[in-house]
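The values are calculated or read from the model by the stated rules, or taken from the named source; none is laboratory data. Please read all numbers here as calculations on a predicted model, not as lab measurements. As a convention, Cβ positions derive from the backbone with ideal geometry for all residues, glycine included, and neighbour counts pool all protein chains shown.
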Amino acid sequence: MAELNPVVVCLSRSGQATALCIASAIGAPVHGREGRCDRADAYFPNALDHIRMLFQAGHPVIGVCAAGILVRAVAPVLADKRLEPPVIAVPDDGSAVVPLLGGHHGANRLAKQIAEVLGRQAAITTAGDVALGVALDEPPAGWRLKNPEDAKSVMMAMLSGEKPIIEGENIWNLESGDGPVRLVTSEAPADAGADALVYHPQRFALGLGCARGCDVSEMWDLVRGALAKASIAAEAVACVTSLDLKADEPAMIETARRLGVPYRLFDAVTLEAEASRLANPSDVVFAEVGCHGVSEGAALAAAGSDAVLVVEKAKTANATCAVARAPDVITEMAGRSRGKLAIVGIGPGQHSWRTPEASQLIAQSEELVGYGLYIDLLGPLATGKTRSDFPLGGEEDRCRYALEQAGKGKNVALICSGDAGIYAMGALVFELLDRDADALGVSDAAKRVEVVSTPGVSALQGAAARAGAPLGHDFCAISLSDLLTPREDILKRLKAAAEGDFVIAFYNPVSMRRRTLLAEARDILLQHRPADTPVMLASSLGRPEEFVRYRKLSELEVDEVDMLTVVLVGSSHSKLAELGEGPRMYTPRGYARKIDGDLAK
């Protein structure tokens with residue numbers, strides 16, 4: 001998961017000055033408790049829920065509050081310390097800075113930074129930092145630890161008083177000794193083991209070129225061979241880079257993934273500016289893509305103006321690669337990313353129904369695109385992000401805009417309610433990508449972006465959960481909007497669902513102008529199931545104004561339903577039972593018949 005910016009959480013006015021001081025120093029937003037803070041970038045109603053949501057989204061959390069509040073908030077969702085973001089507690093008066101989680105993943109470093117701002121001492125408790133002043137599994141920026149799994153055993157030896165043998169650069173400023181463990185720094189591949197930690201400086205940029213559809217194994221074998229021949233460790237590569245026309249090339253994307261580094265892109269003009277430094281300029285390549293070299297040019301552009309080619313263009317039948325070495329480690333990436341569009345379903349509304357993955361994709365995005373109401377429902381998670389609101393009816397415009405923004409290299413989240421793949425924007429995004437440009441599709445750049453979809457709680461799932469279990473047996477969903485679907489097709493599907501005795505979830509049941517299809521659906525269903533078939537009407541699910549009620553099918557009135565209502569119609573077997581907590585609607589699957597049959601045997 002991409003590293004996200006910290007969020008300072010403040011729970012009371014007494015902590016505001018401390019929170020604002022920290023936020024100003026580290027460039028972070030302040031999220032304040034509603035009614036208790038009056039100077040914040042965003043506000044939230046419930047501290048535990050909000051802190052947990054930020055943590056699950058991947059944000060480092062700096063809580064200006066009691067440490068126990070932070071502990072109670074994140075404890076239920078702790079899972080993997082290698083992936084979890086830092087959590088730091090600071091009391092209202094700023095008298096202490098306590099990293100609670102993620103000490104070796106940025107928390108200790110961030111805590112020291114905050115402590116310096118406040119004029120305090122960070123309460124570091126991790127053994128390595130306390131005894132040695134370093135965390136061996138968190139190397140300096142631009143350095144990569146080859147074997148983090150051995151850090152614990154090496155650290156334990158050093159905590160026992162053994163001084164390590166230091167081979168290469170002393171990036172830790174530790175005293176070298178003759179102990180049983182080694183700290184090794186090397187650009188070349190180096191042997192590791194339980195008694196050694198190997199650190200590689202990421203000074204190398206790997207430039208790639210290939211024919212369209214190049215086989216992944218052909219590219220990977222070329223890269224591994226070139227690195228081995230030049231004695232460059234794979235972990236010393238800082239990035240994979242190429243021409244922007246290759247943004248969606250599977251072989252390059254997979255090579256970057258296997259190396260665990262960013263995939264960066266340059267346009268032809270930028271690569272052509274490197275022409276004088278190329279070892280193998282090609283007029284053929286220039287005629288085809290507008291620059292005299294892709295792999296060499298991309299490597300040099302990524303590594304900087306003082307870089308040198310250490311691997312000139314190597315090639316196979318369909319692939320080329322080159323490597324440039326920068327004079328120092330590469331920590332700022334030149335070029336642009338491939339661009340990403342996340343199609344995100346946020347559920348019916350309340351954040352507790354939003355999946356952690358959805359929150360992560362939203363948090364990682366630079367720009368939010370969607371119907372304004374849906375973006376508003378994100379609350380503080382949308383704070384500080386560029387947002388582009390589109391009205392109802394502007395669905396194609398909003399999807400096209402989101403794709404084109406991603407085509408510029410941005411990370412964009414397209415926000416939908418419910419599940420984005422159920423009567424929402426998911427299908428339209430893929431339809432636009434599938435269209436030809438002359439058929440009102442999208443640009444070639446937009447077609448090359450990464451597109452990911454994440455599931456959300458659909459309206460029918462939310463309604464069913466509130467009701468009990470009406471979808472316990474076969475069911476279907478039908479949209480009653482005839483704006484995009486011919487009325488004849490809707491009626492045909494209604495009759496088929498009625499004859500099949502499915503439980504039916506009606507989406508888009510009515511609008512200001514569409515008032516007849518729901519009544520027609522009721523009348524069609526009454527021809528095939530009892531008049532007292534239970535019907536659930538669920539409006540504004542998951543929001544403060546949520547309203548749930550039940551009717552008999554014969555008593556279903558159109559005027560009770562609006563655009564924010566989901567209508568669940570039971571099958572002939574569905575029941576509405578009066579239980580201790582009120583009415584519960586369910587559809588039995590047939591277990592009673594199975595039990596009776598088993599008893600009869």
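Descriptive notes on the structure:
- Taken together, ILE478, ILE415, ILE422, ILE504 contain a single residue that is surrounded by 19 or more Cβ atoms within 10 Å (Cβ to Cβ), part of a loop (DSSP other than H, G, I, E, B), among the β-branched types (Val, Ile, Thr) and not assigned by TED's automatic domain parsing to the domain that holds ARG257, which is ILE422.
Residues checked against (1) out of contact with any Cys (no Cβ under 9 Å at 6 or more places or on another chain); (2) farther than 21 Å from ALA324 by Cβ; (3) modelled with pLDDT of 95 or more:
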| site | (1), (2), (3) |
| --- | --- |
| ILE166 | yes, yes, no |
| THR185 | yes, no, yes |
| ARG203 | yes, no, yes |
| ALA226 | no, no, yes |
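- Scan of the range 305-341 for residues that are crowded, with 16+ Cβ neighbours inside 10 Å and of a type in the set (Gly, Ala, Ser), ordered by number: ALA307, ALA314, ALA319, ALA322, ALA324, ALA326, ALA334, GLY335, SER337, GLY339
- Contact map, the range 515-538: first residue over 16 Å from GLU560 (Cα atoms), second residue buried (at least 23 other Cβ atoms within 10 Å of the Cβ) and of a type in the set (A, V, I, L, M), Cβ cut-off under 7 Å, separation 6 or more or different chains; pairs are LEU525/VAL569; THR533/VAL569.
- For the range 425-456, taking the residues that are in contact (Cβ under 8 Å) with a residue 60 or more places away in the chain and part of a loop (DSSP other than H, G, I, E, B), the one that is farthest from the chain's Cα centre (by Cα) is identified as ARG448.
- Candidate set: the range 485-509, residues that are in contact with a Phe, Trp or Tyr (Cβ under 6 Å, 6 or more places away or on another chain) and of a type outside the set (Val, Ile, Thr); chosen: the one nearest to HIS473 (Cα to Cα): PHE502
- Residues that are more than 22 Å from ASP376 (Cα to Cα), small (Gly, Ala, Ser) and in contact with a Gly (Cβ under 9 Å, 6 or more places away or on another chain) do not occur anywhere in the range 38-50.
- Filter result (more than 30 Å from ILE375 (Cα to Cα), among the hydroxyl-bearing types (Ser, Thr, Tyr) and assigned to a loop (DSSP other than H, G, I, E, B)) within the range 318-348: THR331
- Residue satisfying all of: in the range 195-226; closer than 19 Å to GLY168 by Cβ and assigned to a loop (DSSP other than H, G, I, E, B); farthest from the chain's Cα centre (by Cα) among these: ASP195
- Listed by first and then second residue, the pairs linking a residue in the range 542-561 that is in contact (Cβ under 8 Å) with a residue 40 or more places away in the chain and farther than 15 Å from ALA463 by Cβ to a residue that is surrounded by fewer than 15 Cβ atoms within 10 Å (Cβ to Cβ) and of a type in the set (Gly, Ala, Ser), with Cβ atoms under 9 Å apart and 6 or more places separating them unless they lie on different chains, are VAL558/ALA519.
So that you can scan it fast, the table gives a plain yes or no per residue for (1) touching a Phe, Trp or Tyr at 6+ places or on another chain (Cβ under 7 Å); (2) of a type in the set (D, E, K, R); (3) in the same structural domain as THR383 (by TED's automatic domain parsing):
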residue	(1), (2), (3)
GLY15	no, no, no
LEU20	no, no, no
ASP38	no, yes, no
VAL77	yes, no, no
